[in-house]
Amino acid sequence: MKLNKKIFPILSMLLLFFIVCMPDVLFASESKKKKQINCDIQNQQCVQPILNGSIVFDIQPKPVKAMKDLTFEVKVKDINLTGSPIIDLSMPGMKMGKNKVKMKMIVKGVYQGTGIIVRCPSGKTIWQATINLSGIGSANFIFDVIY
Amino acid sequence: MYIFADTLFWVFLTTGFTVGFGHCIGMCGPIVISMSLNLKTGNTVWPHVLYHTGRVSTYCLLGGIMGVTGSFTMVTSQIALIQKIVLIFAGVLIIFMGVLMSPWLTNFSCFKTGTGVQTFFSKAFSLLVGLKPTLAYFPLGLILGLLPCGPVYTVLIASARAGMEAPDIYTGFINGMVLMLAFGIGTIPALSLVGRLAGVGGIKQRQMIYKAASIIMIGVGIYFVIKGIQY
């Protein structure tokens, strides 16, 4: 009982400290996140090598804005997929729940799907699209979104 | 086909649980802690139960609307201004609580009993959170359920999709509502734990917590207000 009386205030203080630090712990500094960006999606489509081929990722319309209906496109070159890719949208270093974009094949090697990038009240704009290619692996595109 | 038995229900229940510990503590944690620290006497369980019931009820309503319309962007664009106001309101609420808890600030003459500022804060506080009976925490939860939140948006997208795939509007409403219900229930353990930790301890320990918490709350409240203005 005495132990509880000592532990709970300490835990409470730690919890309060954690919450105060939450914006920095969860959202990290914007400059650090900016360094992670590997895709200039606002201006062009993005390309990454995968296996012996490549994967091209694009979002339309531009500028790419949060809370809008967006069309996601994935093109694969020199890769044979066994199924349509699935895109997982997330924020680096933050749990935002499952936000998946299901793709449909438009022509051979070209897949499209519609989805929405949500807005985070923290104001952070760095998002990540993990493109899962069935039986092959995945590619991460980290980009900036306009709120 | 209703979604109750669907794996999606369990997926979003789990999502709510995990996101609750990682994300909701940051957003809703300060509000729950403020509530706990201000519940000095009496039943401290029911206010939390009612607050979460109100919050999850709003989630369910939003999920149902998403399910009926099948359009996330249409609904969120309609409620964007309300959410902005709610975010600012939450910040102001936390600042009020922080000021009223503060043993230092209340020593200043402007906060002493009978002064204009104290009366204003007291009245505002009574209106916002100190309402009797305890039932007042239900509408507070209803309002704060509208706080803009990334994970909530994510589940609302799923609710809209569930509505689009439903054979009729009624099923769409139920499916959208159930997904948000699952998510909302999932977030309760994390926030309840936060509230519990902040609310326990003896009077002396609580006094120590008040001192630190009051300053922290004011800071967090200001952060909320700034984010609300920017939103």
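The values are calculated or read from the model by the stated rules, or taken from the named source; none is laboratory data. Just so it is clear, the structure is predicted and the values come from calculations on it, not from any experiment. Positions of Cβ are backbone-derived with ideal geometry, glycine not excepted, and every protein chain shown enters the neighbour counts. We work out accessible area using only protein heavy atoms, side chains counted, and drop any ligands, DNA or RNA first. Shrake-Rupley method; radii C 1.70, N 1.55, O 1.52, S 1.80 Å.
Numbers at a glance
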| quantity | calculated |
| --- | --- |
| Residue under evaluation A:Gly97, criteria (1) within 30 Å of B:Leu179 (Cα to Cα); (2) touching a Lys or Arg at 6+ places or on another chain (Cβ under 7 Å); (3) among the small types (Gly, Ala, Ser), criterion not met | (2) |
| Flag for A:Phe72 being at pLDDT 95 or above, surrounded by 17 or more Cβ atoms within 10 Å (Cβ to Cβ) and within 14 Å of another protein chain (Cβ to nearest Cβ) | yes |
| Segment A:129-147, residues that are open to solvent by 10 Å² or more (accessible area, probe 1.4 Å) and over 25 Å from B:Gln83 (Cα atoms) | A:Thr130, A:Asn132, A:Ser134, A:Gly135, A:Ile136, A:Gly137, A:Ser138, A:Asn140, A:Ile142 |
| Hits in segment A:80-101 - residues which are at pLDDT below 90, farther than 30 Å from B:Gly228 by Cβ and open to solvent by 40 Å² or more (accessible area, probe 1.4 Å) | A:Asn80, A:Thr82 |
| Selection from segment B:25-83 of residues that are in contact with a Gly (Cβ under 6 Å, 6 or more places away or on another chain), open to solvent by 20 Å² or more (accessible area, probe 1.4 Å) and within 14 Å of another protein chain (Cβ to nearest Cβ) | B:Thr44 |
| Residue ranges of helices (runs of 4 or more DSSP H) in segment B:118-231 with at least 1 members open to solvent by 60 Å² or more (accessible area, probe 1.4 Å), of a type in the set (Ser, Thr, Tyr) and modelled with pLDDT of 80 or more | B:169-199, B:203-230 |
| Residues located in segment A:100-121, provided they are part of a strand (DSSP E or B) and closer than 21 Å to B:Gly184 by Cβ | A:Lys100 |
